[in-house]
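The values are calculated or read from the model by the stated rules, or taken from the named source; none is laboratory data. It should be emphasised that the depicted structure is a prediction, and the values quoted were computed from it without experimental measurement. A quick note on method: Cβ atoms are made from the backbone with ideal geometry, for glycine too, and the neighbour counts reach across all protein chains shown.
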Amino acid sequence: MVEATKGKLHFWDAVWDLHLDVCPCDAHFNQWTDKANISNAAIFHFGTGTHHIVGLHAAESGRNNCVLGITASPGEYDTFVKLAIERPEVEKIYKAVFGDIYQLEERLLPGFDVVTLFHLCEFRNERNDEYGALTDLEVLEMLTRKTRVGGYVLFYTKSFAFNTAEGVIAQWEKAGGVEKVGMFETLLVYRKTA
């Protein structure tokens, strides 16, 4: 039996359009997939934006990657629905879901070759506690379990919450099973080793 919760879902009542001068992480990710020759990969992407450039790049790059994105913004999800209707060739390999990433259920997730956690520590707060949501570390650990050995987990070092995320990442790294690959533009890249 599921216990009733006190609070409503914590969501983001705004949208993020493409502003490369402020937040280039998705563009840098697309550049990284090209440079690292990421092909035939299943990608999990945290934070779709209204631009959906990670999904669009996967559909247009010819690399045969597919993307599962998550957004807590109803407006961003609405733009995905419009994109899916207008461009079924993109929707075939790019799916976006609306929801709180801290509410992900591990049993519903497939295995991934690449996970982006560019917005780690940006949105979780006491409102998530009202319904027993996961912590940032728990989300990172769960998505790492869903990452195949040899796969990648990436973080955005220019996030406004990266100082907080660094502590979570250090704790996660110390637990083992991952190795730091290095930097690509604004992205910190790790590889799952075990």
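Couple of notes before you dig in:
- Some residue of the stretch 21-34 being touching a Gly at 6+ places or on another chain (Cβ under 6 Å) and either closer than 21 Å to Val114 by Cβ or among the β-branched types (Val, Ile, Thr) (or both): no
- Within the stretch 54-91, the set of residues being under 24 Å from Leu154 (Cβ atoms) and aliphatic (A, V, I, L, M) comprises Val54, Leu56, Ala58, Ala59, Val67, Leu68, Ile70, Ala72, Leu83, Val90.
- Within the stretch 19-47, considering residues that are assigned to a helix (DSSP H, G or I) and in contact with a helix residue (DSSP H, G or I) (Cβ under 9 Å, 6 or more places away or on another chain), the one surrounded by the fewest Cβ atoms within 10 Å (Cβ to Cβ): Asp34
- For the stretch 80-96, a residue qualifies if it is among the β-branched types (Val, Ile, Thr) and not in a helix (DSSP H, G or I), and exactly one does: Ile93.
- Any hit, the stretch 80-97, residues being touching a residue at least 40 places away in the same chain (Cβ under 8 Å) and farther than 23 Å from Gly62 by Cβ: no
- Residue in the stretch 176-184 that is in contact with a helix residue (DSSP H, G or I) (Cβ under 7 Å, 6 or more places away or on another chain), within 24 Å of Ile53 (Cα to Cα) and surrounded by fewer than 20 Cβ atoms within 10 Å (Cβ to Cβ) present: yes
- Test: residue in the stretch 29-49 that is modelled with pLDDT under 95 and not small (Gly, Ala, Ser): no
- In summary, Tyr131 fulfils each of the numbered conditions (1) modelled with pLDDT of 95 or more; (2) more than 25 Å from Asp34 (Cα to Cα); (3) not acidic (Asp, Glu) with the single exception of condition (1).
- Some residue of the stretch 131-140 being touching a Cys at 6+ places or on another chain (Cβ under 9 Å), part of a helix (DSSP H, G or I), of a type outside the set (Val, Ile, Thr) and buried (at least 16 other Cβ atoms within 10 Å of the Cβ): yes
- Within the stretch 92-102, at least one residue is of a type outside the set (Asp, Glu) and more than 18 Å from the chain's Cα centre (by Cα).
- Selected residue [in contact with a helix residue (DSSP H, G or I) (Cβ under 7 Å, 6 or more places away or on another chain), hydroxyl-bearing (Ser, Thr, Tyr) and more than 25 Å from Glu166 (Cβ to Cβ)] from Thr79, Thr50, Thr116, Thr71: Thr50
- Set Glu89, Glu76: member being more than 30 Å from Val149 (Cα to Cα) and among the acidic types (Asp, Glu): Glu76
- Selection status of Ala58, assigned to a helix (DSSP H, G or I), among the aliphatic types (A, V, I, L, M) and within 25 Å of Met142 (Cβ to Cβ): yes
- Where a residue in the stretch 170-184 is among the basic types (Lys, Arg) and its partner, wherever it lies, is in a strand (DSSP E or B) and surrounded by 11 or more Cβ atoms within 10 Å (Cβ to Cβ), with Cβ under 7 Å and at least six apart: Lys180/Tyr190
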